[in-house]
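Working notes for the structure below.
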Amino acid sequence: MKTIGVLTSGGDSPGMNSAIRSVVRTCAHYDKKCIGIVRGFSGLIENNTKILNTRSVRGIINRGGTFLYSARCEEFKTKAGRSQAHENLKKAEIDGLIVIGGDGSFTGAMLLEKEFGFPVVGIPGTIDNDLFGTTHTLGYDTALNTVMDAIDKIRDTAISHHRLFLVEVMGADAGYIALNSGLAIGAQEILIPEVNMSFDNLINSLKTSKKSGKTSSIIVVAEGDKTGKNVFDLASKIEDTLPRYETRVSVLGHIQRGGSPTCFDRVLGTQLGVRAVESLIENNHGLMIGINSGKITFTPLNKAIKGKTKINKELLRMSKIMNT
Ligand code: F6P
């Protein structure tokens, strides 16, 4: 293992830069060459690479986004695209690849390893926190704090106007961001795809809260939740059923993917980067490096994508206790 490649792929997440910096500097520590691939798998197909040394990654640990840029690459889903990428890896004399991304990126990484026997290691980088084998993905903690700050501000205006706000947060098919931010901001209800609370129960909860004297409320809705067709449809159904509620919708959107990473994500990126390089050097690949209770974990890529992490439903129960 003389040369290691690194790329970021799929939706960017705060902390990716910390992981890139860590990979580059760990390569230098072990006297390995490090090549950065620009714009994920697209850059691999287009042969868009640059040599990285310790100085190339100065001043990036505190920056959101990804210094190597990212892309969602349709071409890499085809065998022809992957063959081209493999050819370019060989030409650049890259011996192992570190892929920082989410489940889509890991699916591509797995195929590279399976079809061409090319050594790949994954670092979980997604705000969604939806990978099995790690309690935290890079960017999740920062996204939670961004959501919390945003909803704290929404609460100010909700209180002033006696309004009900439905706040939609990201998470793809998972409810991690909604559940944890919802608890942190004191949501009246938290709607997540993993638990169907039903429209009727939601209405009962709002009626009860009104009776108890509440004049404003926040409902946090995960983007994957199916209580309404979408958050706007849900808001209008609530207004039809409870006309006395003045309802507003706020979709937080891509603000959740940006910003300077929290201390947690910077430290996590550093840890995962070091162990990813060391894994490749130790000839340990086809796996994702994660973290659980402060300890580094190694999970086969297929398990990381397909394994089901159970959302902590106990938090939902506690959220309800807080809102009685
Ligand atoms: O996977 C990260 C994520 O931000 C999801 O939470 C969201 O559903 C999706 O990406 C949005 O993707 P795009 O930026 O391509 O619209």
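Going through (1) within 12 Å of the ligand (Cβ to nearest atom); (2) in contact with a Pro (Cβ under 7 Å, 6 or more places away or on another chain) one by one, ALA178 falls short only on (2).
Within the stretch 215-234, can one find any residue that is without any contact (Cβ under 8 Å) to a residue 24 or more places away in the chain and among the hydrophobic types (A, V, I, L, M, F, W, C)? Yes, the stretch 215-234 contains a residue that is without any contact (Cβ under 8 Å) to a residue 24 or more places away in the chain and among the hydrophobic types (A, V, I, L, M, F, W, C).
Does CYS73 fit the bill of being of a type outside the set (Asp, Glu), in a strand (DSSP E or B) and surrounded by 17 or more Cβ atoms within 10 Å (Cβ to Cβ)? Taking the combined requirement at face value, the residue does not satisfy it. Of all residue pairs spaced 6 or more apart or on separate chains, those with beta-carbon atoms under 6 Å, a first member in the stretch 24-38 that is more than 18 Å from ILE60 (Cβ to Cβ) and a second member that is β-branched (Val, Ile, Thr) and crowded, with 22+ Cβ neighbours inside 10 Å are LYS32/ILE4.
Reported count of residues in the stretch 128-164, each being outside any helix (DSSP H, G or I), more than 16 Å from the ligand (Cβ to nearest atom) and under 21 Å from ARG317 (Cα atoms), is 1.
Within the stretch 94-126, being assigned to a loop (DSSP other than H, G, I, E, B) and under 22 Å from VAL38 (Cβ atoms) holds for ILE94, ASP95, GLY102, PHE118, PRO119, THR126.
The rows are residues; the columns are (1) closer than 21 Å to GLY108 by Cα; (2) in contact with a Lys or Arg (Cβ under 6 Å, 6 or more places away or on another chain); (3) of a type in the set (S, T, N, Q); (4) part of a loop (DSSP other than H, G, I, E, B).
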position: PHE41; (1), (2), (3), (4): yes, no, no, no
position: LEU44; (1), (2), (3), (4): yes, no, no, no
position: ARG55; (1), (2), (3), (4): no, no, no, no
position: ALA80; (1), (2), (3), (4): yes, no, no, no
position: GLN84; (1), (2), (3), (4): yes, no, yes, no
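Summed over the stretch 6-43, the residues that are crowded, with 20+ Cβ neighbours inside 10 Å and in contact with a Cys (Cβ under 8 Å, 6 or more places away or on another chain) give a count of 9.
Laboratory data are not the source of any read-out in this text; all were calculated from the coordinates shown. Since we're looking at a predicted model, the values are computed, not measured. Ideal geometry is used to build each Cβ from the backbone, glycine not excepted, and the neighbour counts take in all protein chains shown.
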